[in-house]
Amino acid sequence: MESSVSLLRAGLDAGTAHVRCVLIEWVNGRPRLRSASIVPAQGWEQGRIRSVESLAGAVSAAAMAASIRGGAEIETVTAGYADSFTQMEALDAALGRSGLRVADYVVEGEAALLATTSDRMRQGGISAAAIGVESTELAYSDLAGGIRTASVPAGGREFTEDIASLLDLPMAEAEHRKVTQGGIAKPSLEDKATPIQEILEARAGQYLHMLEFQIEQLAGQLPPPGGVILTGGGACLPGLCDYAEELLQCPVRLGQVVGVAEWPLELSAPGWAVAAGLALHGGIAHGW
């Protein structure tokens, strides 16, 4: 395995469901994907780090997998955190025990915005939401390109909890049904919404109004001129983008990584935006 290269930067998204690591290299001033990895998260419980050692093991596994695939040892990463996160000392300890050095910590919402927009897009007043299990991290780029961030204390867990409560199901079964049967549908006269769809639509309405309020605080106006980008695992709920467009009265799209050469289709899911943005931030900070 070759030693670290100065034009390589790694981004680490130590989420509560998965740990993702993205390694990006700069070739002639342009970012290109070198490797990426994902492993199940360990050490988290209801949004809090309960085991530093378990989280360190998951982080180490993700970094090692990306290192092997990229043929370059990862020693330093740019790591993400939530605006509302209060356990930075525990997160720092977990990353330290994994054997990695953290060059910088970046708010997840800002990382998602960097990965899913170009410089020109960010000068149009656009917002990105990184929808996690426990919270949603928002970022807004104003007309001058400055970025402001905030956290909304709601994420995918609330959707699952509603299904579990109203259908009297264990959380694991409710999550399974949300993933396999869930969605926000606009039923026709012939086809009625299923009970799960009705539950998810009701929760989505409440959730999107929370986002709307916080976006207005960040942008100073509604709707944001450039629209809203949904990223993170929670963004994959079928129909959420269309429902968000209806309620927020602006363009809404799923966040896919842009501007990184050789970014494969299999990594097009919005859950990869934060890790990619963290790696990009590491390069931008060095003027690449």
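The values are calculated or read from the model by the stated rules, or taken from the named source; none is laboratory data. Since the structure is predicted, the reported quantities are computational estimates derived from the model, not experimental observations. Cβ: placed from backbone, ideal geometry, glycine included. Neighbour counts: every protein chain shown.
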(message) Quick check on Gln197: is it at pLDDT 90 or above and over 23 Å from Arg122 (Cα atoms)?
(response) yes
(request) Working carefully through the options Lys192, Lys178, Lys186, find the one that is at pLDDT below 95, among the basic types (Lys, Arg) and in a helix (DSSP H, G or I). (result) Lys178
(message) Against the condition among the charged types (D, E, K, R) and in contact (Cβ under 8 Å) with a residue 40 or more places away in the chain, how does Arg101 come out, does it pass?
(response) no
(message) Test of understanding: among Ala154, Ala150, Ala172, Ala144, which residue is in contact with a strand residue (DSSP E or B) (Cβ under 7 Å, 6 or more places away or on another chain), not in a strand (DSSP E or B) and not assigned by TED's automatic domain parsing to the domain that holds Ala276?
(response) Ala154
(request) Output the residues belonging to region 74-102 that are in a loop (DSSP other than H, G, I, E, B), buried (at least 18 other Cβ atoms within 10 Å of the Cβ) and in contact with a helix residue (DSSP H, G or I) (Cβ under 7 Å, 6 or more places away or on another chain). (result) Ile74, Ala82, Ser98, Leu100
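Here's the yes/no breakdown for (1) modelled with pLDDT under 95; (2) more than 17 Å from Gly15 (Cβ to Cβ); (3) β-branched (Val, Ile, Thr):
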position: Ala58; (1), (2), (3): no, no, no
position: Ala62; (1), (2), (3): no, no, no
position: Ile68; (1), (2), (3): no, yes, yes
position: Phe85; (1), (2), (3): yes, no, no
position: Ala115; (1), (2), (3): no, no, no
position: Ser118; (1), (2), (3): yes, yes, no
position: Val133; (1), (2), (3): yes, no, yes
position: Leu138; (1), (2), (3): no, no, no
(message) Here are the criteria: (1) in the same structural domain as Leu33 (by TED's automatic domain parsing); (2) over 15 Å from the mean Cα position of the chain (by Cα). Tell me which single one Ala202 does not satisfy.
(response) (1)
(request) Would you tally the residues in region 240-278 being more than 19 Å from Gly132 (Cα to Cα), of a type outside the set (D, E, K, R), surrounded by 15 or more Cβ atoms within 10 Å (Cβ to Cβ) and in contact with a strand residue (DSSP E or B) (Cβ under 9 Å, 6 or more places away or on another chain)? (result) 6
(request) Give me the pairs, please: first residue somewhere in region 116-138 and under 18 Å from Gly155 (Cβ atoms) and buried (at least 22 other Cβ atoms within 10 Å of the Cβ), second residue anywhere and at pLDDT 90 or above and aromatic (Phe, Trp, Tyr), beta-carbon distance under 6 Å, and either six or more positions apart or on two chains. (result) Ser127/Tyr140
(request) Kindly indicate whether any position in region 45-62 is without any contact (Cβ under 8 Å) to a residue 40 or more places away in the chain, farther than 16 Å from Gly282 by Cβ and assigned to a helix (DSSP H, G or I). (result) yes
(request) Select from region 105-140 the residues that are under 18 Å from Thr86 (Cβ atoms) and not aliphatic (A, V, I, L, M) and list them in ascending order. (result) Tyr105, Glu108, Gly109, Gly132, Glu134, Ser135, Thr136, Glu137
(request) Among what's in region 215-224 and is surrounded by fewer than 14 Cβ atoms within 10 Å (Cβ to Cβ) and of a type outside the set (A, V, I, L, M), pick the residue that is modelled with the lowest pLDDT. (result) Gln221
